Amino acid sequence: MLEQLQKELVIAMKAGEKAKILGLRNIIGKLKASQIDKGEMLTDEESLKILKSVAKQLKESIDQYQKGGREELAEKEAFELTLLEKYLPEQLSEEKIRDAVKNIIKNTGAESMQDMGKVMGAVIKELAGNADGKLVQNIVQEELNK
């Protein structure tokens, strides 16, 4: 994954795309820092986990910048997020997540919010990083409160 990002960086540098260069350098920097901490090459799974973490941080930053009226910074982070999302697995639609949650609630016999931990654990395990955790949590809460 790191090699693929570096190739894209070279292409962006040749094309003179400054925003893309900055975004890719930030992403590559985070992967390299983790690689140095680990002391060996990252597996694709480890790289993916790091990229998901970076994506979550970017989403939170965008939200905070927008709340603070700093649109130019929010746009910069949003652009970096779009670069990053190319390397992440496609996220499931809300409808598919809802179907999975309903199925798990039915299979586990969950009836109230007291069963949320049991349901969340099963949903997260089944969807394996292909869904936004906050969205999953909201859907589980909605379904358990019916």
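The values are calculated or read from the model by the stated rules, or taken from the named source; none is laboratory data. This one's a predicted model, so the numbers in the text were calculated from it and none came from an experiment. Every residue, glycine as well, gets a Cβ built from its backbone with ideal geometry; the counts of neighbours run over all protein chains shown.
Using the structure shown, decide if Ile21 is closer than 17 Å to Met1 by Cα and modelled with pLDDT of 90 or more.
Numbers: closer than 17 Å to Met1 by Cα: yes; modelled with pLDDT of 90 or more: yes.
Against the criterion (closer than 17 Å to Met1 by Cα and modelled with pLDDT of 90 or more), Ile21 qualifies.
Need the failing condition index for Ile62 against (1) closer than 26 Å to Glu3 by Cβ; (2) surrounded by 14 or more Cβ atoms within 10 Å (Cβ to Cβ), just the number.
(1)
Inside segment 1-67, counting only helices (runs of 4 or more DSSP H) that do not spill past its ends, which hold 2 or more residues that are free of Cβ contacts under 8 Å to residues at least 24 places away in the same chain and in contact with a Ser or Thr (Cβ under 8 Å, 6 or more places away or on another chain)? Explain how you work it out, then say what you get.
Details: elements: 2-15, 18-38, 44-67.
The qualifying helices (runs of 4 or more DSSP H) are 44-67.
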